[in-house]
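For reference, the structure is listed below as structure tokens.
The values are calculated or read from the model by the stated rules, or taken from the named source; none is laboratory data. Values in this document were obtained by computation on a predicted structure and should not be read as measured data. Using ideal geometry, Cβ is built from the backbone for each residue, glycine included, and neighbour counts are taken over all protein chains shown.
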């Protein structure tokens, strides 16, 4: 809501500075978003009379004007279509500066010298838009300073009005707030309406058929109006409020709406059949053309204003084209009504037709203020359009919305606020905003205040609503800050929450960067990753109203976002593409409204693992980079009950992928991305990924750790190099070693892998370092030797291994 | 007998004196351990001059044998010590020399242990969590795909509220569920309702997490963002308690010197409601571009839990009262670290991630 202080001052005395006023409004719940100065520097502009307009010799759209600036006549090039000889317009002489900062200098425009600039209202900063240069009213002298002839100086506050305060969508509502905060009374505009002729009821009839959607419809009749432009003061105020002036009659409806908060509509009465207004729901599929020339298809829940031949307005939203006020209009039917807020909001949204009127109706206008607003507008039409006003308003009321009565408990109010505010003080705050408040002292009971809420405050329905009024008028700033005096609050992370943080720290400690990716992905990803939907849901969780298709599917995996992070950085030549993310994935569940949201950990590693350094070569990412991350994570978390199993996934390299299990339950996958995926995702072929469910990981990490005795006797180390067939996994060899090693074998570490000339075709050599010890004695060489021999025998027997 | 005395006696003997003088000169001129070893061999080696001399004394007269034997052995002792002393000196020098040859270029880069990073938003969430844990709060979570009931209805948001429209809220099709009241939560506030449903008062919790609104991405809007919700319900909780709690939080988060301001505001699920501003750190409160000339930066929405919300979860508003608050993590990050564009947080640009 844009509030002109020049206008507001008509209803209430304002503090000396706009800054003080802004502070005051901020402190009481009306946030000031911007303070705008209008009409500054108009001393530098002068009034010019256009004497002569000639076509520019070399530009069709430009005219060459001779303009009388009082003491001199200047040649000025002008591009406005409306420039005519004889008109008075503001002129910016060379050396002056426009409100937007543009400096005006003598210039040559297409070969013709121009000494200054004829100004539009937009260039003067008093209007959002302009069709041409501004036309000043007759009476000003050429050469006069613009600031002396045009009262334009103003300060406009841009206020954020919260949706619960429709009363503040009006100058009088804001004035009421200022009055309450400064201890004044609002000066309502006073006017004397002169009514003439036959009663309005003789010319107009109103029937409300759907009273649930329209509680009241008041109409006035104003005749013999002359349609022309409004006077400067009204145009300026409308413009300050952000409303475009149109003609006196329409401007008056807007002006009174801004003043009182009551939207009004003016019909050309001669175009309303029989002067008969019917307020009713639309028939399904009924059509009407609104003022903007758009034909609109309506449904049963849309409310219409009709005459006997059909719709004349979309109630509360926009008038109809057919009954629009035009230059030839002489008789006005003025509508001032109260509609159901939710219904107006629905229609305005469905029709995508937000308007100043619907904005107010959907928040709730004062059902008690319809007639007064109509009177005020009729008066202004009388004044500004020369209209004669028929006696009386036709005031159709489907039902009467009564003021609400509430009881406010004094002690409870003080207890909620946490401030020692007395009952009388509370009552005075409520009275300051024009509520009726009566203290009731109860013997032995709690003091209460009986409050009657005027109909312009539909937001005050409950005791707590009044508590808020007391608190804000008392001032939040005056409430002493305290802390809850509870002994119930013991703050901590749960063990699971603590471990989750630890997981992130471990990964960051390994050199991975935490990414946060969008939870919605493109459906294309599902095609790339799993075209046959072998493991992703065939019907994922999707958005019904996405911003774009690129963000329309709730991710069933973290993988897509991580690959996008890889690609994003790769495209920008950023190295070190090691990412992890901890976030949720979304998979539908049978017979459940909400999908399963699993906490996942994902990693993506691509290109270089370590860069080339002066003392070592670069290391590229491979399968074992991801496996190393997982191993290190597990050992840091002291999780031993995990395993990898060869397993195919449609998005992973078929020969370099595996399933991850924890405590024999599959929790995710690890591997190199499939070359098909790498190509489609535009990531390097050596991109290794890992994605596992966090909850089982954390559960395993929280298992208690038993004490393991520390050996006191020396251990014996032996190396074992065996040659096996290339198809035998290192893990199989290791399993046999453990099995054969018995209880004395304590550690097995693979330290070398060799394939080559010294071995037979298809063979490989694996070298392990074995460590033996006993907890109760020093081992003898011969007993270790016999275990060692046993291992070799088992390897030979089981895997056909031979010593190298 | 003092050393000088026997050296004088040695010098007085022509033969021993000669050996002494020559050995001393040789010792002095030995420049390294090798030369020194040469000196030792020349005098004390099996065929060394002093060794030979001492071997020869058995052929001398008894008295002469005693004198030469005594002086010869004293000379030997002296020479051994002098050799050891000189050897020690030479070794120190030689080691220093050897170490000098091992000098490295300390300006070469060290071996790489590349550092990873937490995401700035995660760090800020943890910082917020820790401040509230310190004030006695626990962490709770709720689903991101949520029911209208929890996101709007039980938060006292009327059915016709504009924020529920298709242009503001993402609605979700969950295959097989056949319902049209499933959405991406637009705030973390539904967790309030869920936790109150599940737990009797008193309650001191915060709920960090993602939220979604149908905003087209620009410098200050992202369709996905993070919030931290807070809720305290107990007997006798006041608006003053809310003020004290959030003042403490704000100063911890932004600096003890910052001013905090509470402005009345409106939220459907709190009443009285407030917006909380912190004084602008760029201009110190005098007004600048960042704070749009106001001197204040809005960081939080808060208020006393609306009695209607208590009604939905079966709490008795006559017995308990409470406050709730919510803050945008991205906004805090933008303000605290001067990141100019909210979209940067989800680009995962390593050049940004590595800065924090």
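Condition check ((1) on the phi > 0 side of the Ramachandran plot; (2) without any contact (Cβ under 8 Å) to a residue 24 or more places away in the chain; (3) not assigned by TED's automatic domain parsing to the domain that holds residue B:228) across all residues:
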{"position": "B:277", "(1), (2), (3)": "no, yes, no"}
{"position": "B:287", "(1), (2), (3)": "yes, yes, no"}
{"position": "B:297", "(1), (2), (3)": "no, no, no"}
{"position": "B:324", "(1), (2), (3)": "no, no, no"}
{"position": "B:327", "(1), (2), (3)": "no, no, no"}
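Being at pLDDT below 85, more than 38 Å from the chain's Cα centre (by Cα), surrounded by fewer than 20 Cβ atoms within 10 Å (Cβ to Cβ) and not in a loop (DSSP other than H, G, I, E, B), is that true of even one residue in the range A:122-137? No, that holds for no residue.
Hey, could you check the range A:589-610 for residues that are more than 28 Å from the chain's Cα centre (by Cα) and free of Cβ contacts under 8 Å to residues at least 24 places away in the same chain and say which is surrounded by the most Cβ atoms within 10 Å (Cβ to Cβ)? Top of the filtered list is A:610. Annotation: of all residues in the range A:362-373 being touching a strand residue (DSSP E or B) at 6+ places or on another chain (Cβ under 6 Å) and surrounded by fewer than 24 Cβ atoms within 10 Å (Cβ to Cβ), the one that is nearest to residue A:166 (Cα to Cα) is A:367. For residue A:457, are the conditions met, namely being within 14 Å of another protein chain (Cβ to nearest Cβ), at positive phi and in a loop (DSSP other than H, G, I, E, B)? For residue A:457, the condition - within 14 Å of another protein chain (Cβ to nearest Cβ), at positive phi and in a loop (DSSP other than H, G, I, E, B) - is not met.
Evaluate the following for residue B:280: is it crowded, with 21+ Cβ neighbours inside 10 Å, within 30 Å of the chain's Cα centre (by Cα) and at pLDDT below 90?
Details: crowded, with 21+ Cβ neighbours inside 10 Å: yes; within 30 Å of the chain's Cα centre (by Cα): yes; at pLDDT below 90: yes.
Answer is yes for this residue.
The lone criterion from (1) more than 7 Å from chain B (Cβ to nearest Cβ); (2) over 19 Å from residue A:668 (Cα atoms); (3) assigned to a loop (DSSP other than H, G, I, E, B); (4) touching a helix residue (DSSP H, G or I) at 6+ places or on another chain (Cβ under 8 Å) left unmet by residue A:573 is number (4). Put simply, of A:636, A:661 the only residue that is modelled with pLDDT of 95 or more, within 14 Å of chain B (Cβ to nearest Cβ) and surrounded by fewer than 19 Cβ atoms within 10 Å (Cβ to Cβ) is A:636. Applying the selection to the range A:478-500, what residues are facing chain B (nearest Cβ under 7 Å) and in contact with a helix residue (DSSP H, G or I) (Cβ under 7 Å, 6 or more places away or on another chain)? If the condition is that a residue be facing chain B (nearest Cβ under 7 Å) and in contact with a helix residue (DSSP H, G or I) (Cβ under 7 Å, 6 or more places away or on another chain), then A:479, A:480, A:481, A:482, A:483, A:484, A:491, A:492, A:493 are the ones that fit. The residues listed here are B:292, B:243; of these, the one that is in a loop (DSSP other than H, G, I, E, B) and either facing chain A (nearest Cβ under 8 Å) or surrounded by 23 or more Cβ atoms within 10 Å (Cβ to Cβ) (or both) is B:292. Given the residues B:270, B:238, which is the only one that is under 26 Å from residue A:165 (Cα atoms), more than 9 Å from chain A (Cβ to nearest Cβ) and at pLDDT 95 or above? Just a single option satisfies the conditions, and that option is B:270.
Going through A:572, A:544, A:567, A:533 one at a time, which residue ends up being surrounded by fewer than 20 Cβ atoms within 10 Å (Cβ to Cβ) and touching a residue at least 40 places away in the same chain (Cβ under 8 Å)? Don't jump to the end; show me each part of the working.
Details: A:572 fails: touching a residue at least 40 places away in the same chain (Cβ under 8 Å); A:544 fails: touching a residue at least 40 places away in the same chain (Cβ under 8 Å); A:533 fails: touching a residue at least 40 places away in the same chain (Cβ under 8 Å).
Result of the check over A:572, A:544, A:567, A:533: A:567.
Is it the case that residue B:287 is at the interface with chain A (Cβ under 8 Å from one of its Cβ atoms), at pLDDT below 95, surrounded by fewer than 21 Cβ atoms within 10 Å (Cβ to Cβ) and more than 19 Å from residue A:479 (Cα to Cα)? Give the derivation first.
Values: at the interface with chain A (Cβ under 8 Å from one of its Cβ atoms): no; at pLDDT below 95: yes; surrounded by fewer than 21 Cβ atoms within 10 Å (Cβ to Cβ): yes; more than 19 Å from residue A:479 (Cα to Cα): yes.
No.
Going residue by residue through the range B:224-232, is there one that turns out to be within 26 Å of residue A:468 (Cα to Cα) and part of a loop (DSSP other than H, G, I, E, B)? Break it down stepwise before answering.
Looking only at the range B:224-232, we keep the residues that are within 26 Å of residue A:468 (Cα to Cα), and these are B:227-232.
Those still in the list that are part of a loop (DSSP other than H, G, I, E, B) too: none.
For the range B:224-232, residues within 26 Å of residue A:468 (Cα to Cα) and part of a loop (DSSP other than H, G, I, E, B): absent.
Among the residues of the range A:536-557, is any away from every other protein chain (no Cβ under 12 Å), under 32 Å from the mean Cα position of the chain (by Cα) and in a helix (DSSP H, G or I)? Yes - at least one qualifying residue is present in the range A:536-557. Scanning the range B:148-173 for residues that are facing chain A (nearest Cβ under 7 Å) and either under 40 Å from the mean Cα position of the chain (by Cα) or part of a loop (DSSP other than H, G, I, E, B) (or both) gives B:160, B:165, B:166, B:170.
Go through B:92, B:125 for me and flag whichever is touching a helix residue (DSSP H, G or I) at 6+ places or on another chain (Cβ under 8 Å) and part of a helix (DSSP H, G or I). Walk me through how you get there before you give the answer.
Working: B:92 fails: touching a helix residue (DSSP H, G or I) at 6+ places or on another chain (Cβ under 8 Å).
Selected residue: B:125, the only one of B:92, B:125 that is touching a helix residue (DSSP H, G or I) at 6+ places or on another chain (Cβ under 8 Å) and part of a helix (DSSP H, G or I).
Could we say that residue A:313 is surrounded by fewer than 20 Cβ atoms within 10 Å (Cβ to Cβ) and either more than 34 Å from the chain's Cα centre (by Cα) or at negative phi (or both) here? Here the answer is no, as residue A:313 does not meet what is asked. Among the residues of the range A:361-377, those that are away from chain B (no Cβ under 14 Å) and either closer than 17 Å to residue A:390 by Cβ or assigned to a helix (DSSP H, G or I) (or both) comprise A:367, A:368, A:369, A:370, A:371, A:372, A:373, A:374, A:375, A:376, A:377. Annotation note: of A:426, A:439, the sole residue that is in contact with a helix residue (DSSP H, G or I) (Cβ under 8 Å, 6 or more places away or on another chain) and at pLDDT 95 or above is A:426.
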